[in-house]
Every structure is written in C-alpha cells, then in structure tokens.
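The values are calculated or read from the model by the stated rules, or taken from the named source; none is laboratory data. Predicted, not measured: the structure shown is a model, and the values here were computed from it. Counting neighbours? That spans all protein chains shown, and the Cβs are built from the backbone with ideal geometry, glycine included.
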Amino acid sequence: MTSPTATLPMNSYFETSFQSNVYACNRIIDNKIKSGPLDSALKLFDEMPNRDVVSWNLLISGYGKYELPNQALCLYNQMVSHGIKESPSTFSSVLSICSDNGFYQVGIQVHCRVILLGFSMNIFVGSSLVNLYMHMGLVDIALKLFNELPHRTLAAWNLVLRGFCELGRSNELLGSYCDMKLEGCVEPNGLTFCYLIRGCGNGRLLDEGKQLHCCAIKLGWLESNLFVVNALVDFYSACGCLISARKSFEVIPPEDVISWNSIVSVYAEYGFSLHALEMFTKMQLSGKRPSVRSFLGFLGLSRGTQNLILGRQIHCCVLKLGFDCGSVHVQSALINMYGKCGDMDSSVSLFEGVPERSLECCNSLMTSLLHCGVVEDSVEMFGLMLDEGIGFDEVSLSTTLKALSVSTSGSLSSCTMVHCCAIKSGFESDIAVSCSLIDAYSRSGHLRLSQQVFEKLPSPNAICFTSLINGFARNGMGRECLEMLDMMIQRGQKLDKVTFLSVLTGCDHSGLVKEGKMVFESMKSLHGIDPDRRHYSCLVDLLGRAGLLYEAEKLLKQAPVKGDSVMWSSLLRSCRVHNNEMVGHTAAKILMDLEPDNHAAWFQASKFYSEIGDFETSVQIRELAMARKMRKEIGYSLIEVNDHIYH
C-alpha cells in the first residue's frame, strides 16, 4: 500500500509537466500569430488538450490584430462559457476590439464583467474602458473612470487626449493637457504632441499650435519623432499657413514618404496645382511611392476645379499603381470626381465595376447624380442601398432629402419616410440631416414640421437657424424671419451673408420695407459684413415692389457689381407695375444691352413699351428678337394632392 506522502512528488511532477506543455504551446501560438497566417495558430489551439487563460488571450488578440473582430468576440464568449476566468489582458484586448470596431453594446456588457470580477481599478483595464467611452462620445463617463484610476499613466492621459482630438473638442483637449502638466506625474511624449497639434489643426487654433510647436522644439521631439513634424505640416496647412507648412516639411529627412504625401495633398487641397504636381514629380523621382492621401488630394483638386483632364491623368496613375482595387477611398473619390466634373457615364461605369459596393461609393454616386441634376436616380440610389443591405449614413440621408426637395415626384410621404429612417438610425440630431429635413419640409409648405425638427435640436447652430429662416422666407413669412434673426443674436450665434440674404428675402416677399432697410444697413454697421450683389438685388426688388423706384435705382447704381441684369430686370418689372416711365426707359435700355441674346429680357422690355403706349418701339424690339431667333422657355407648375403630383 502506498503512503499518501509518496504521491506528492508525482502530483507535483504532473502539474509542472502540464504547465510546461501549455507554456510551450502558448509560445508557439504567439510566434505563429506574429509571423504568419492565423490558421496554423488556430489549428494548434484546437489540438491543445489543455488551455489556460493565456492561450485564449493570445488567440483573441490575434483575431483583433488580423481585423477579425467578430471571431475574436465569439472566441471570448466561448472562453467565458468554458468557465475560464478573464485576466486584465483579456479585458484590455476585448475592450480595444469593441472600441475600434464600434461594438459599443458589447463593450458595455464587458464593462459589467469587469465590475463583477473586480478589475475596475486595474490600470490597463481602466484605460481600455476610458478609451471605449471616449469612442462612444460619452465624455463624462470616460472622465469619471479616468479620475477613478489609482495611477494615471501617460498612456491613459494620451487616450483622453486622443478622444478629445477625434471628437473635435479642441478646447477640452488643451484643458486636459494643462491638467496633465499641473499634476506633474508624467511628461508628454511624441504621441501626446501629435494629438495636441492635430487637435489645434482641427480647431484652427493657430496661436496655441505655435506654442506647442515651441514646446516640441524645446523637448527635442522634432529631431526624434517624424510623426510630430508631419503633424505640424498638417496643422499649418489646416490653418492656411502654407509657408510654415513648407518650412516644417523641409526639416523632415527626404527619405520619409509620409511627409512627401502630406505636402502634396496640402498643395492639392488648397488648389495650388502646379506646386502639387511639382512635389509629386520630385517625390517619384526620389523613389517614393505615392500614397492614397496624395491621390485623394489630386482627385479633390480635379473635382473642385472641374478639371476632367487632370482627373483622368490621376486615374491613370491610380490604375498603374494598383490603388483602384485596394482602396475604397480612392474608388469613392474617382466616382465623385467624374460625377462632379459632369462625366456621369464614367462615374456610373466605375461604380458598376467596383468589386464590392461600399457605403462611400454609393454616397459618391448619389451626390454626383444630384449635382448633375439626375434627381430621380439619386432618390432611387437610396432605395438600392436599403434593398442591398449596404446601409446609410448622414450623407445618404441628407443627399436623399435634398433630392426629394427638388424632385418632381417628391412628396410629403417620401420626406416623412426618410425622416423615420433618420430617427430609427439615430441621425435625427445630425446637423446636416436636420437642415435637409427643415429645407425639404419647408419647400413642400409644411413649415410646422420644419419648426418641429428645429425645436428638437439640442443645440442648433447658425446653419440650422439659417435653414429655418430660409424656409420662412420661401413661404413669405417675413416677421418670423426677423424673430429668428433676433433669437440668433440673443444666443450669440455668428451671422453670415447667407443668413442676411434669407432674412432680406423674407422681408422682400412680405413687403417689410422699413425692416428690410434696417437689416441691410446693420450688415456693415453692426456685424462688419459687406453686402454683395445678392443682398443689393434683394433690397432693390423690395424697394421696387413698394414703389420706391428712384431709391431703388440709386441703390442699384451703388451696387458692388455694375451691370447686373437680374437687378435691372427686377427694377423694370416694378416700373411696369407702378407705371414709372422715366426709370423704366433707363432700365429697359440697360437690360437689353446687358442681355443681347436673352429672349425673356427683350420680351420684358417690349411689354414695358407696349404698356406705356409706345407700340412702335415694342414691335421693333419683338421683330429684332425674332430676327435673332430667340426662343422663350415655357415654365410649368406642380401641385401635390393626396400624395399624387400633378403637372
């Protein structure tokens, strides 16, 4: 009979042997994940008779590394169901996967497991939770978790700074940096300065960015960290300081390919095509391969200037270097470029040739169709995206609403359907979507629905106010336009030329002469905005409608743009209404001189002379117009009754 004590060394031996085997297998799995495909690592994992938490952690992080988030979370669920207790590394990996891939509901559930198992105060797990809630935009929760950390490392601080940077909250970003400096426990590194400088670029905070530039120089980050210098190139270009951007670029060693692509895209984005092409050529001559960013810059330049020839040349480069299949961004930019340049055949052909239709490519085609006036097809694209399960975002919704607002087949029911989609998907509070909703409802005469959309916005900006004012103006509600303008001023909103134009249009359509003149005069005197041609035209029309024709003529002659046919046409129309021959003669003569080939202008002048009894001149103008083979375009009207559009 064997004594109990005799089995102890044997048990200890088996335990040690088991641990050694698992440890050895884990090392092999780790090496396989680092060196090659995941299949061989997964095969070894499946063949292991025994696994520990490290085995599971390695494969979960491996799935995350190879951008297979669904498989990683599935494996995590298996781990929990097998009764394997998570370690801090497990939670860090799973939470990072949830943050990076938008699995926020799963992340919240994992947070519950963290609390249950008592890992809330672990610095690595806590930092991953801060990162998750920053990605979700729940800043208050993220900061609460951050403040509860027992020790706030530089990595944790950088996560907070990155969160504010990506959310575009530049002032809070700088405030957090000041808190970090005051605490004095950690010193900023190159990554810290990258987030700070990038955040200043996003907020166009030139002075603050220059101060950070000085700090980076003092701490030696410009010599030791290329990412900081590249961030400076982007920062200065975002602030419009291209000379400083070029100086920052020249500091960078010539072998750095990122900086070359940065400066090329900067010049392209600002429309300096010759400088961009010069740098692009130098980059290739020095053996540097262009990146997606360079091509996106050039395609954006081609789109903005409608330079189809340049766009086609860049397309050729894209094909030669193989970026046409490997980058959704390039595919989308090409579709967008051709569409905005008016070559819809090429745009549609590219879209149909894309291996897999992405949301970005669909949005590019949709906006291109709307830009080229193919409104019905733009609306149909939204239905296609829903039918094929591609989904939609704020760009899709906003573009569809814009198309519906100008479509002959657009109806209230169509707008409300898209509105429902926006509510269900959580895009109702998006500024672009809300403004498009306000515009679409107001164009169909449903101002109350426009107001409801506006009132539900938590913090409407100047664009939202202007959209609603424009809706009121379009429907002849001048008093409401003035009330909204007062509300904007009281809330400290920044007024711009578009806002004033909408208010003046409302005054014009409502006959509010005194108020319109006051608004016009306040532009320069109170708000420092110089009225342009459109504002003068609006006020001329308002004065003309009120019969103040001499005052209107005097204002017209003071306008910054001389010889504007729209304003003279408006004045002539008012002269016909109020039977003012003296001003009318002048307006008719100038209008025909300005529009020698416009049938509408000549017909208007002919009608004026006929109405004042000068039939001979009227007939002469008509005969001359016919001799020049001018044609009158026939307009049409639409009305919606019981969800049907009638012409």
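Which condition number does residue 167 fail, the rest of (1) under 24 Å from the mean Cα position of the chain (by Cα); (2) crowded, with 17+ Cβ neighbours inside 10 Å being met? Every condition holds for residue 167 apart from (2).
Within the range 304-323, residues that are of a type outside the set (Gly, Ala, Ser) have Cβ atoms under 8 Å from residues that are surrounded by 17 or more Cβ atoms within 10 Å (Cβ to Cβ) and part of a loop (DSSP other than H, G, I, E, B) in these pairs: 306/341; 307/341; 308/341; 308/343; 317/290; 321/290, counting only partners at least 6 apart in sequence or on another chain.
Every residue in the range 385-426 that is part of a loop (DSSP other than H, G, I, E, B) and either of a type in the set (Lys, Arg) or under 15 Å from residue 360 (Cα atoms) (or both), please. Working first, answer last.
Taking the range 385-426 first, the residues part of a loop (DSSP other than H, G, I, E, B) are 388-393, 407-411, 426.
Correct list: 388, 389, 390, 391, 392, 393.
Would the range 265-279 turn up any residue that is in a loop (DSSP other than H, G, I, E, B), more than 22 Å from the chain's Cα centre (by Cα) and buried (at least 19 other Cβ atoms within 10 Å of the Cβ)? Looking through the range 265-279, none of the residues is in a loop (DSSP other than H, G, I, E, B), more than 22 Å from the chain's Cα centre (by Cα) and buried (at least 19 other Cβ atoms within 10 Å of the Cβ). If you go through the range 385-432 and keep only what is surrounded by fewer than 16 Cβ atoms within 10 Å (Cβ to Cβ) and in contact with a strand residue (DSSP E or B) (Cβ under 7 Å, 6 or more places away or on another chain), you end up with 408, 409. Just so you know, in the range 265-293 the residues that are of a type in the set (S, T, N, Q) and at pLDDT below 85 include one that is farthest from residue 343 (Cα to Cα), and it is 286.
Residue 343 falls short on exactly one of the conditions (1) modelled with pLDDT of 90 or more; (2) under 22 Å from the mean Cα position of the chain (by Cα), and that condition is (2). Scanning the range 428-481 for residues that are part of a loop (DSSP other than H, G, I, E, B) and within 21 Å of residue 411 (Cβ to Cβ) yields a total of 5.
Yes or no, residue by residue, for (1) of a type in the set (Ser, Thr, Tyr); (2) at pLDDT 90 or above; (3) surrounded by fewer than 18 Cβ atoms within 10 Å (Cβ to Cβ); (4) in contact with a helix residue (DSSP H, G or I) (Cβ under 6 Å, 6 or more places away or on another chain):
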position	(1), (2), (3), (4)
520	no, yes, no, yes
542	no, yes, no, yes
548	no, yes, no, no
556	no, no, no, yes
560	no, no, yes, no
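Is it the case that some residue within the range 541-556 is small (Gly, Ala, Ser), at negative phi and in a loop (DSSP other than H, G, I, E, B)? Scanning the range 541-556, I find at least one residue that is small (Gly, Ala, Ser), at negative phi and in a loop (DSSP other than H, G, I, E, B), so the answer is yes.
Across the range 352-369, what is the number of residues that are buried (at least 23 other Cβ atoms within 10 Å of the Cβ) and more than 13 Å from residue 403 (Cβ to Cβ)?
Step one: of the range 352-369, the residues buried (at least 23 other Cβ atoms within 10 Å of the Cβ) are 362-366, 368-369.
Of the ones still in play, those that are also more than 13 Å from residue 403 (Cβ to Cβ) are 362, 364.
Qualifying residue count, the range 352-369: 2.
Taking into account only those residues within the range 370-384 that are hydrophobic (A, V, I, L, M, F, W, C) and in a helix (DSSP H, G or I), which is surrounded by the fewest Cβ atoms within 10 Å (Cβ to Cβ)?
The selected residue is 384.
In the range 288-302 there is no residue matching the filter, namely being touching a Pro at 6+ places or on another chain (Cβ under 8 Å) and surrounded by fewer than 17 Cβ atoms within 10 Å (Cβ to Cβ). Residue-level analysis places residue 438 outside the set of residues that are more than 20 Å from residue 512 (Cα to Cα) and surrounded by fewer than 24 Cβ atoms within 10 Å (Cβ to Cβ). Look through 168, 184 and report the one residue that is on the phi > 0 side of the Ramachandran plot and in contact (Cβ under 8 Å) with a residue 12 or more places away in the chain. Sole residue among the options that is on the phi > 0 side of the Ramachandran plot and in contact (Cβ under 8 Å) with a residue 12 or more places away in the chain: 168. For residue 454, the conditions (1) modelled with pLDDT under 90; (2) of a type outside the set (Val, Ile, Thr); (3) closer than 30 Å to residue 390 by Cα are fulfilled apart from (1).
In the range 577-604, the qualifying residues are those that are within 44 Å of the chain's Cα centre (by Cα) and not in a helix (DSSP H, G or I), and the one that is surrounded by the most Cβ atoms within 10 Å (Cβ to Cβ) is 595.
For first residues located in the range 433-451 and in contact (Cβ under 8 Å) with a residue 60 or more places away in the chain, partners that are assigned to a helix (DSSP H, G or I) and lie 6+ apart or on another chain with Cβ distances below 8 Å form the pairs 444/405; 444/412; 444/415. Inspect all residues belonging to the range 51-60 and state whether any of them is closer than 20 Å to residue 133 by Cα, in contact (Cβ under 8 Å) with a residue 12 or more places away in the chain and in contact with a Lys or Arg (Cβ under 8 Å, 6 or more places away or on another chain). No, the range 51-60 contains no residue that is closer than 20 Å to residue 133 by Cα, in contact (Cβ under 8 Å) with a residue 12 or more places away in the chain and in contact with a Lys or Arg (Cβ under 8 Å, 6 or more places away or on another chain). Each residue in the range 209-253 was checked for being of a type in the set (Asp, Glu) and either touching a residue at least 24 places away in the same chain (Cβ under 8 Å) or within 25 Å of residue 276 (Cα to Cα) (or both), and 2 of them qualify. Just one of the listed residues (570, 610) is part of a helix (DSSP H, G or I) and surrounded by 21 or more Cβ atoms within 10 Å (Cβ to Cβ), namely 570.
Selection over the range 152-206 of residues that are touching a helix residue (DSSP H, G or I) at 6+ places or on another chain (Cβ under 7 Å) and of a type in the set (Asp, Glu) gives a count of 1.
Within the range 157-185, the set of residues being acidic (Asp, Glu) and over 17 Å from residue 201 (Cα atoms) comprises 179, 183.
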